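A short write-up of the structure that comes next.
Taken together, the values in this text are just the output of simple stated rules run on the coordinates, not laboratory data. Just so you know, these numbers come straight off a predicted model, no measurement behind them. Backbone-built Cβ (ideal geometry, glycine too); neighbour counts: all protein chains shown.
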Amino acid sequence: MYQYTVRVLTQAHQASRLLFVVCCAELLLVLDSTVVNLALVPLGRDLHLSASTLAWVVNGYGLTFAGLLMTGGRVADLLGRRRALIAGVAVFGLACAAAGLAQGPVVLLSARLVHGCAAALVTPPPPWPRARAFPSRPPAARSHPAWSPSSPLARPPRARARDPIGDFDVI
């Protein structure tokens with residue numbers, strides 16, 4: 001009886017830890033996108049970027065992320081979701097460092113494209129963490145409040161930013 005109780009507690013602890021890690025990874029992706037959107041004006045001014053280059057700084061990430069999302073899921077199936085998540089976060093961190101240290105548009109755009117590729121590895125299919133961590137229905141339903149707000153938490157409620165073309169809301 002004692003071994004069974006310890007095993008159940010260990011599984012619950014591992015499930016909670018998995019959910020926490022995946023929510024933090026999702027928060028990381030959205031937070032990065034928000035920071036770049038808010039920093040567009042100073043970024044363009046400091047690196048002397050044109051309006052079209054600034055558009056590519058934002059859209060390059062989104063295009064590679066969306067374009068490689070299915071491929072990232074397949075890679076996660078082949079390599080294992082844990083390895084894909086670790087590799088994606090590591091590459092994402094290196095791309096963040098490269099983008100932060102960029103002195104010109106080529107390095108910055110390349111880093112943003114690599115960001116998108118890494119984000120496709122980091123983002124799991126939505127039901128995966130909850131289905132893996134909480135195989136029975138009631139705990140999975142209780143995990144939903146932790147999973148749902150992880151993306152919106154990274155966005156400011158009503159932040160205003162100015163881009164070279166005009167004003168827009170970053171929400």
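Here are the numbers for this structure:
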| quantity | calculated |
| --- | --- |
| Answer residue from the stretch 66-104, given it is buried (at least 16 other Cβ atoms within 10 Å of the Cβ) and not hydrophobic (A, V, I, L, M, F, W, C) and is nearest to T34 (Cα to Cα) among those | G88 |
| The stretch 32-65: number of residues that are of a type outside the set (S, T, Y), assigned to a helix (DSSP H, G or I) and surrounded by 15 or more Cβ atoms within 10 Å (Cβ to Cβ) | 15 |
| Number of the exception - R74 against (1) touching a helix residue (DSSP H, G or I) at 6+ places or on another chain (Cβ under 9 Å); (2) closer than 28 Å to L19 by Cα | (1) |
